Structure formats: structure tokens, C-alpha cells
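The values are calculated or read from the model by the stated rules, or taken from the named source; none is laboratory data. Quick caveat, the model's predicted, so the values are computed rather than measured. Neighbour counts run over all protein chains shown; Cβ positions are idealised from the backbone, glycine included.
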Amino acid sequence: MSHHSAEKVEPAVVVKSLEESLVSFQKDFPLEAFAKGNYGQHPVITLLTCSDSRMPVNIFGEIFNRIFSVENIGNQVKTNEGSILYGLLHLQTPLMIVAGHTDCGAIKAAESNFLEEPIGIRTELSIVKNSLDEGRLESGLVFDSQDKQLYYSELAELNVDMQIKYLLANRAVADLVDKKELMLLGVMADLHNVYGNGYGALYTSNVNGECKKSVLQSSGSLGFLADRVKRLR
């Protein structure tokens, strides 16, 4: 597993950098809207995203009381299934987003020998590896691109498909989808222009388990996201 190689920063410097953000949060605190909701939690999106620092939650807009965010390496349902189900079944968000991205370190690590990692890391990478292995087997696709950036991005896309499959395996979640009370949206963030349309573009890759481009592009429920349908495989 690759290690961070950027210039080291002293903890005190990082702590100091928090000041502006903390002051800004208090100054701009949305008290009026918060009070209207009786100070409760009322998100409309449950988000499962990779904990990679290049995938900030605010990609998807305003966070406060709008996004119930679950983050882990490789955006895995099985790593934090309870938290995800809390968002869907208790907070009843109408939208669930599973967000993958290019150059995912967890995908690359899961494809390597990670036996010397600490047990906690091994445990989570094993979950990622199982998702990829199951996805390969079920899809029948062969992932053998010599372009490593493309190779890992294709696997990240497959990984998103598998997470939506795992969600639909839960009967309560599947019932909400069937009743159109919940949409499961799979997306890929192209942080490295692998898809060829620029850095930072976000693409629709799966909706409720459907990943056929022609079907997604003709979906009336996707709105502008139908124009963002794009898959590597």
C-alpha cells in the first residue's frame, strides 16, 4: 500500500489552520433553518464515498443537515452497513449516492499483497478485495488493461456496481426502491481525466442496479444526470 510522500506538516500548524473554518462555521451557522426543523436531523442524501481526501463531501453541495455521509476506504457497504442503513431506513433519505473515483488507493492496495499491513487495514482491504473478486466473477469481464490508470479506474467503476448490488440485497432497501421512495445512484468522479472530458467531472454509472448506458440515458427520473452517463466498461 502506498504511503503519503508530501512534505510533512507539524500538527500545530494544522491546528492553527482550523481557526478560520471554525469561526466561519459559527458565524454562518444556519440557525433559522435549523430551528424550523426543530433542531433535528433531516438529510435528503445518504452518501457512501471513499475517505480519500480528494473526494470531499461538498462535491455534492451543501452538507449541513442535508448529507448523511459515510466514508471509508474503497467506499464499501459492508464496512459500514449499519450507518448506511440508518440513513436509509431511519432517516429515510430519498437518495443514496455511492461515489467512486479514479486513482483509488484502496482499489490499488486491494489488488496488491497487503498481508503486512496492520490488522485493521487488512480487514478493510479484504472487504474491498472481495467486492472486486465477486464483481469480476459475476460480470464475466476481464480487466487486463496495460494502462494502470485505466485498469484501476475500471475496477473502481465495477466496485460501485457491487456496492449497489449489496444494497439491493437488503429486502427493506429493495422495497423502498421498488416503491420509488428511494433511488440508488452510482457515480464516478474523474479526478485524473481518465474518461477524457476533463479533470473533476462526475459521471452517472449506475442507477438502482441498472448500468446499461442506453437505458440510463433515456431515464426521465435522472434529469441532467442522464446527460452525464458514461462508463469505461
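Each row is one residue, and each column tells you yes or no for (1) over 13 Å from Gly100 (Cα atoms); (2) out of contact with any Gly (no Cβ under 9 Å at 6 or more places or on another chain); (3) crowded, with 22+ Cβ neighbours inside 10 Å.
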{"position": "Asp147", "(1), (2), (3)": "yes, yes, no"}
{"position": "Glu157", "(1), (2), (3)": "no, no, yes"}
{"position": "Asp178", "(1), (2), (3)": "yes, yes, no"}
{"position": "Leu184", "(1), (2), (3)": "yes, no, yes"}
{"position": "Ser205", "(1), (2), (3)": "no, no, yes"}
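Quickly run through the range 1-51 and pick out the residues that are surrounded by 10 or more Cβ atoms within 10 Å (Cβ to Cβ) and closer than 30 Å to Ile107 by Cα. Within the range 1-51, Met1, Pro43, Val44, Ile45, Thr46, Leu47, Leu48, Thr49, Cys50, Ser51 meet the criteria. As for the range 56-78, it holds at least one residue that is of a type in the set (Gly, Ala, Ser), under 30 Å from Ala172 (Cα atoms) and in contact with a Ser or Thr (Cβ under 9 Å, 6 or more places away or on another chain). What do you reckon, is Met96 surrounded by 15 or more Cβ atoms within 10 Å (Cβ to Cβ), at pLDDT below 95 and either among the aliphatic types (A, V, I, L, M) or within 16 Å of the chain's Cα centre (by Cα) (or both)? So Met96 fails the test.
So is Gly87 free of Cβ contacts under 8 Å to residues at least 24 places away in the same chain and part of a helix (DSSP H, G or I) or not? Judged against the criteria, Gly87 is not a match.
One residue stands out among those in the range 143-200 that are acidic (Asp, Glu) and in a helix (DSSP H, G or I): the one that is farthest from Lys230 (Cα to Cα), which is Asp175. If you check Gln26, Gln76, Gln41 for being in contact (Cβ under 8 Å) with a residue 24 or more places away in the chain and either within 27 Å of Gly135 (Cβ to Cβ) or not in a loop (DSSP other than H, G, I, E, B) (or both), only one passes: Gln76.
Quick check: is even one residue across the range 127-143 in contact with a Ser or Thr (Cβ under 9 Å, 6 or more places away or on another chain) and over 28 Å from Leu216 (Cα atoms)? Yes, the conditions are met somewhere in the range 127-143.
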